[in-house]
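Notes for the one structure printed next.
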Amino acid sequence: MENQIGKRALVDRALHTEYFSTGWMAFEFLVGFISGLKAGSILLIAFGLDSFLEIISGSTLIWRLRKQAAGASAEEIALAEKRSSRIVGAVLLLLAGYVTVVSLINLFSHQAADTSYSGMAIAIASVILMPILTIRKRHLGKQLHSDALVEDGMCNITCAYMAATVLVGALLTFLFNWWWA
């Protein structure tokens, strides 16, 4: 009984983490995407779209964790875990492909964006927040034996790298007019 209470508390923490993470991703999507459109920044738009993909990943994890919280059978949880893991894995592949394509488009089109202070602010916040979410999701995922939750944490660290790239590129363009950065 005590083990069940401990497991339930872990599931609740994982759910709260995913709710927060998915809510943040929705905010990040809106700010990044709108700031990118205003500044004419393909990279900032890509950052916003990356956040949209993470909303899909987070929503999948919420679905999986809610099944466990509702007392679903071990078989149902295993099936939800498998489906969640596949979706999160696909999102990671899409993110990698998208970052590669956007980087090449920016390089070959000599795309230089206007300065976006809101874009830089959301990138700074993401560089700070995403590693924290990654660590928390990895920790909870290991305790719950959820590879999908661990993988979702990898989406967060990808977001942190992308935010750092956006930030460095924006600063180098702003300070030195290095559009290619």
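The values are calculated or read from the model by the stated rules, or taken from the named source; none is laboratory data. Keep in mind it's a predicted model, so treat the numbers as computed, not measured. Here the Cβ is made from the backbone with ideal geometry for all residues, glycine too, and neighbour counts use every protein chain on show. Areas reflect the complete protein model, heavy atoms only, side chains present, ligands, DNA and RNA absent. Shrake-Rupley method; radii C 1.70, N 1.55, O 1.52, S 1.80 Å.
Solvent-accessible surface of the chain, taken per residue with a 1.4 Å probe and all protein chains present: 53 Å². A prolate overall shape is assigned to the chain, the ratio a/c of its alpha-carbon gyration tensor axes (a ≥ b ≥ c) being 1.5 or greater and a/b exceeding b/c.
For the chain, take the longest principal axis of its alpha carbons; what is the angle in degrees between that and the long axis of helix 117-144, to the nearest 10 within 0 to 90? Helix 117-144 sits roughly 20 degrees off the main axis of the chain. Checking the a/c ratio against 1.5 first, then a/b against b/c, what shape does the Cα gyration tensor give for segment 82-170? Oblate, because a/c is 1.5 or more while a/b does not exceed b/c. The stretch between VAL168 and ILE132, if pulled fully straight at 0.36 nm per residue, gains 10.9 nm over its current Cα-Cα span. Give me the percent of the accessible area of segment 131-175 that comes from carbon and sulfur atoms, probe 1.4 Å, all protein chains in place. C and S atoms contribute 68 percent here. You can think of it this way: the chain between TYR98 and TRP178 has 26.6 nm of extra reach, that is 0.36 nm per residue less the Cα-Cα gap. Length gained on full extension, ASP12 to ILE105, computed as 0.36 nm times the residue gap minus the Cα-Cα distance: 29.3 nm. Which value at 222 nm does the chain reach when only helices count, each DSSP H run of 4 or more adding -39,500 (n - 2.57), with the total divided by all residues and rounded to the nearest 500 deg cm²/dmol? Calculated at 222 nm, the ellipticity per residue is -32000 deg cm²/dmol. Between ILE34 and ARG86, the FRET efficiency estimated from the beta carbon spacing at R0 = 35 angstrom works out to 0.65.
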